[in-house]
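Structure first, then comments.
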Amino acid sequence: MAAARRIVVKIGSSSLTTAAGGLDADRVDALVDVLIKVLDGGGTGLRGKDGDGKGGANGKEIVLVSSGAIAAGLAPLGLDRRPRDLARQQAAASVGQGLLVARYTASFARYGRRVGQVLLTTDDTSRRAHYRNATRTLDQLLAMGALPIVNENDTVATDEIRFGDNDRLAALVAHLVRADLLVLLSDVDGLYDGDPRTPGASRIDEVRGPEDLKGVSIGSAGRSGVGTGGMVTKVEAARIAAAAGVPVVLTSAGRAGDALLGRRTGTFFHRTGRRSANRLLWLAHASAPRGALTLDDGAVRAVVERRTSLLPAGIAAVEGDFTAGDPVELRDTAGHPVARGLVNFDAKEIPQLIGRSTRDLARELGPAYEREVVHRDDLVVLD
């Protein structure tokens with residue numbers, strides 16, 4: 001933890017807002033104070049004679065994934081609680097996102113540090129070109145000494161292209177920026193083997209794999225009512241990041257400094273997989289399928305075991321209303337999902353392709369049909 005150079009920090013709405021739903025400036029400042037201390041190695045936070053804020057004194061870099069936009073927009077819009085419908089959530093996000101970034105900008109400016117806002121939807125990260133652009137933007141912000149503040153683009157995201165919670169977004173951002181550590185800040189100081197408010201509940205200090213969580217009762221959303229996540233989403237985010245080779249610390253916002261400085265705190269999730277440089281983690285965990293293709297037994301073996309592309313000859317059925325480039329689920333004949341991929345044809349085109357060779361299709365329909373339905377570079381096999 002102490003040796004981590006590039007760190008992704010995620011903080012939730014309940015750690016940044018008041019009970020009424022507005023931003024708590026003191027909480028934001030307290031978080032920024034901790035982040036600056038880590039970047040500066042314990043100094044003042046100012047870099048250079050003019051305080052230009054480039055880089056950290058100890059070579060550390062931080063990407064902040066911050067919730068709070070919807071919560072910050074509640075009070076200005078006269079809402080006493082988080083709305084359930086998407087339209088009013090988007091309206092609250094539109095108002096609150098500006099307030100949130102303005103607050104961070106002012107707080108980091110105390111130390112001469114710049115911030116950059118990055119808003120993402122799943123489309124920005126599962127499609128190949130968008131993924132490269134997101135990576136380039138975040139890398140460039142860090143190279144220029146700006147601290148990226150990432151959030152889901154709630155103002156335009158539909159139900160079909162939402163991450164659903166910023167814990168999962170943080171895990172995927174950690175993969176995107178090749179982070180050395182992910183720190184998930186909550187309103188409790190770690191993962192407990194039961195309700196932490198119940199006498200006898202014990203904190204789990206380390207998780208080395210799924211077997212360490214057997215028999216653990218994991219609670220749902222927190223008590224504040226302004227966020228969407230809870231311990232379930234944090235554990236799932238930790239699982240995603242750990243499987244991608246990124247270790248995770250789960251602790252409370254008040255213990256953020258301990259986690260970032262390598263002191264023992266919270267729950268530590270060890271790596272369970274190797275670091276990967278591709279975007280398939282996003283395709284597996286961030287995309288919502290717009291339809292499904294049923295594969296015959298031979299195609300299932302080819303896709304799952306030999307990791308080949310999906311050809312028209314291996315498709316048995318199609319369902320859904322999708323267009324070329326959309327994520328679709330690949331299922332076996334029993335209906336079980338075996339893979340997910342970005343499809344190269346519209347749903348209405350596929351019935352005429354089912355069971356046929358690409359050579360025959362090219363001869364009858366033209367050279368555009370002599371290609372894969374899902375290319376192996378746009379396909380991920382599911383666990």
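Coordinate-derived values only; no laboratory data. None of these values were measured; they are calculated from a predicted model. Quick reminder, even Gly has a Cβ in these numbers, built from the backbone with ideal geometry, and neighbours come from all protein chains shown.
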For the stretch 346-352, what does the Karplus curve 6.51 cos²θ - 1.76 cosθ + 1.60, with θ = phi - 60°, yield as ³J(HN,Hα) per residue in whole Hz, taken in order and with x for Gly and Pro? 6, 4, 6, 7, 5, x, 6
Separation of alpha-carbon centers, the stretch 60-91 and the stretch 316-380, rounded to whole Å: 38 Å
If you fit an axis through the alpha-carbon atoms of helix 166-176 and take the longest principal axis of the Cα set of the chain, what angle between them do you get, 0 to 90°, nearest 10? 70 degrees
What are the ³J(HN,Hα) couplings of the stretch 370-381, residue after residue, when phi is run through the Karplus curve with 6.51, -1.76, 1.60 and θ = phi - 60°? Round to Hz, x for glycine and proline. 8, 7, 6, 6, 9, 6, 4, 6, 10, 9, 10, 7
Name the residues whose placed amide hydrogens come within less than 5 Å of the amide hydrogen of Glu61, ignoring near sequence neighbours (fewer than 5 apart) on the same chain. Arg6, Ile7
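If you place +1 on the Cβ of every Lys and Arg, -1 on the Cβ of every Asp and Glu, and leave all else neutral, what size is the dipole of the chain about its Cα centre, to the nearest 20 Debye? Walk me through the numbers on the way to the answer.
On the way: 50 positive and 47 negative charges, 241 e Å.
Approximately 1160 debye in magnitude.
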How far is helix 25-40 tilted, in degrees, relative to the longest principal axis of the Cα atoms in the chain, given as a value from 0 to 90 rounded to the nearest 10? 80 degrees
Classify the stretch 267-383 as rounded, prolate or oblate, taking a ≥ b ≥ c as the square roots of the eigenvalues of its Cα gyration tensor: rounded when a/c is under 1.5, otherwise prolate if a/b is larger than b/c and oblate if not. prolate
³J(HN,Hα) computed for each position of the stretch 100-115 - Karplus, 6.51 cos²θ - 1.76 cosθ + 1.60, integer Hz, glycine/proline x: 5, 5, 4, 5, 5, 4, 5, 5, 5, 5, 4, 10, x, 9, 9, 10
Could you tally the net charge around Val207, taking each other residue with its Cβ under 12 Å from the Cβ of Val207, Lys/Arg +1 and Asp/Glu -1? +1
Virtual spin-label span in nm between Ala362 and Leu213, 7 Å along Cα→Cβ: 4.6 nm
Quick check for you: which residues of the stretch 164-194 have the amide N under 20 Å from the point 7 Å beyond the Cα of Arg5 toward its beta carbon? 173-183
Return the FRET efficiency for the residue pair Arg264, Thr105: r is the Cβ-Cβ distance, R0 is 25 Å, and the value is rounded to the nearest 0.05. 0.15
Would you mind checking the tilt of helix 128-143 against the longest principal axis of the Cα atoms of the chain, expressed as 0 to 90 degrees and rounded to 10? 20 degrees
Could you work out the equivalent-ellipsoid semi-axes for the chain, taking the square root of 5 times each eigenvalue of the Cα gyration tensor, largest first, in whole Å? 40, 23, 21
5 angstrom amide H check on Val318, placed H, neighbours 5+ away: Thr294
Under the rule of at least 5 residues apart or a separate chain, name every residue whose amide H is placed under 5 Å from the amide H of Ile204. Leu191, Tyr192, Asp193
